[in-house]
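Following: one structure in structure tokens, then a few remarks.
The values are calculated or read from the model by the stated rules, or taken from the named source; none is laboratory data. What you see is a predicted model, and the numbers here were worked out from it, not measured in a lab. All Cβ positions, even for glycine, are placed from backbone atoms using ideal geometry, and neighbour counts span all protein chains on display.
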Amino acid sequence: MSNEVRYYEAVGRRKRAVARVRLYPGRGEVVINGKPLKEYFGRPQDWGDVMAPFEQTDNQDRFNLTVLVQGGGISGQAQAIRHGVSRALLQMNPELKRALRRAKLLTRDPREKERKKPGLKRARKAPQYTKR
């Protein structure tokens, strides 16, 4: 049995979205939750988010990608996939770290929705002040 790795696996996160990414040698096919990329995400902006790590490292048509993503919204899911793909590419080739780091693709975006506080309308919006 050979020591050849069949795929590279990583987890990407953004807000409440979690993406489990597998990177296989292939022709550039992207399948997300059983659907092709352009069927799963309707907006070209989200397609760009998913493909950004490949474009930064010149690996557009060298890998097939399968993703299981859950939670969050559409943009959060696309950015979670982007984070996962970046981590998987880094596993495959540690020399890509500089290019991925320069494009800020390896940093997990820590921003989350802030909770609503008592006495306020939302997290920070207060009711209108009346003097009299």
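Summary table
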| read-out | value |
| --- | --- |
| Residue check for Tyr7: more than 15 Å from the chain's Cα centre (by Cα) and either closer than 21 Å to Leu100 by Cα or buried (at least 17 other Cβ atoms within 10 Å of the Cβ) (or both) | yes |
| Residue identified as within 24 Å of Arg111 (Cα to Cα), of a type in the set (A, V, I, L, M) and touching a Pro at 6+ places or on another chain (Cβ under 6 Å) among Val21, Val85, Val69, Val11 | Val85 |
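Here's the yes/no breakdown for (1) in contact with a Phe, Trp or Tyr (Cβ under 7 Å, 6 or more places away or on another chain); (2) within 22 Å of Lys15 (Cβ to Cβ); (3) modelled with pLDDT of 95 or more:
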site: Arg43; (1), (2), (3): no, yes, no
site: Trp47; (1), (2), (3): yes, yes, no
site: Asn59; (1), (2), (3): no, no, no
site: Asn64; (1), (2), (3): yes, no, no
site: Asn93; (1), (2), (3): no, no, no
site: Lys116; (1), (2), (3): no, yes, yes
site: Arg124; (1), (2), (3): no, yes, yes
